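So the structure is just underneath, and the comments pick up after that.
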Amino acid sequence: MAKENGTTADNHDLNSRRTQWHMAVTPAMKLEFREYSQILDYIPEYLLNIKALQIDLLVIKKDGDTIIENEIGRIFQHHNIIEYKSPYDKEGINAYFKVYAYAGLYKIGEGSTACDSDDITITMIRRGKPHKLFQWFEQHGCRVSAAYKGVYYIENAGFFRTQVIVAKELDDKNHIWLKALTDNMDREQAQTLIKESKELMNQPEADYADAVLQIVSKANKELFEALKKEEKDMYSALVELMQPEIDEAVNAAVNEAVNEAVKRTWDEATNETTARMTVEVIENAINKLNMSKEEACAFMDTTVAEYDAYRQIIRNAAAKADACSSNK
């Protein structure tokens with residue numbers, strides 16, 4: 001999503017962090033609603049038109065009769081637009097108007113994709129409470145009500161049911177995945193996240209948990225490094241959880257080394273072959289055609305220095321072969 005005006009980056013690379021958090025919000029939402037995986041479809045970065053206006057996450061509720069007990073999903077209808085604001089995005093009202101515009105464009109749709117406004121919801125997720133935005137809503141006749149802990153409904157906010165999720169205020173136990181999307185995680189929260197991730201290792205949601213853990217562990221690097229050093233159980237759990245990534249990294253390093261070795265061997269063989277052919281032709285010209293070395297090199301479009309270098313390549317190859325024979 002485009003960066004809002006006025007965002008500063010004195011101590012943070014916002015573009016990098018924005019990419020990180022948005023990569024994690026989809027798996028985090030899938031984990032939030034894993035009990036409803038059969039009736040919810042997830043479409044990240046949904047394109048609204050050819051100009052690449054993207055919804056952060058579109059959640060399609062396929063079964064309209066199923067009641068979602070998760071407080072965040074109580075408001076869900078058939079089409080649910082999720083707008084995630086990373087920890088360093090500002091809370092200005094422009095964010096609301098942007099997602100509201102997205103909902104309007106989505107409603108229009110094209111042909112059979114058009115839908116009723118009553119069937120669309122807007123969910124804005126942020127880490128902290130957007131006080132200025134809530135104040136603006138109240139000043140413009142939109143009532144802000146705390147429906148659940150960390151879940152605020154915005155009433156009379158136009159044609160679409162709207163809610164704001166304040167991740168910091170969500171229940172620690174019931175919403176660990178969305179609360180985890182922070183670079184200010186405490187030790188207890190990190191420990192719980194690791195334990196929850198380990199419990200999902202052999203479950204269908206394991207990849208989602210891994211995606212969240214990867215992002216969060218990088219955003220809270222010092223904390224996770226401390227856990228690995230100070231708590232053996234946490235270290236073992238993290239190593240077990242990260243093993244696929246470790247194996248992938250090791251395999252990539254091994255493959256790179258092998259490819260480099262093959263390339264180096266091929267380059268050496270190619271250089272030796274080129275050297276032998278060039279030297280042979282030049283020496284034939286010198287010996288059989290009575291050319292000088294300079295004339296023979298010019299005949300082969302080669303300089304004398306290159307000729308001498310080719311001869312050195314041949315000598316090096318011979319020495320290498322002799323050394324290999326001696327070691328057998």
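No value in this document is a laboratory result; all are computed from the given coordinates. All values reported here derive from a predicted model rather than from experimental measurement. Methodologically, a virtual Cβ is constructed for each residue, glycine included, from the backbone with ideal geometry; neighbour enumeration extends over all protein chains shown.
Take the convex hull of the alpha carbons in the range 14-185; its mean projected area over all directions comes to 9.8 nm².
In plain terms, the chain from residue 281 to residue 207 could stretch by 20.5 nm, reckoned as 0.36 nm per residue minus the Cα-Cα distance.
Please tell me which of these pairs span more than 29 angstrom C-alpha to C-alpha: 168/221; 179/229; 132/195; 107/168; 85/195?
Going by Cα-Cα distance, 132/195; 107/168 fall outside the 29 Å limit.
Packing-wise, with mean Cβ within 10 Å as the measure, how do 210-223, 187-200 rank, highest first? If you can, show how the numbers build up before the last one.
Working: 210-223: 19.0, 187-200: 17.4.
Descending mean neighbour count gives 210-223, 187-200.
Using equal-weight Cα scatterers in the Debye expression, the normalised intensity of the range 112-169 in log10 at q = 0.30 Å⁻¹ is -1.28.
Applying 1/(1 + (r/R0)^6) with r as the Cβ-Cβ distance of residue 171 and residue 108 and R0 = 22 angstrom yields a FRET efficiency of 0.05.
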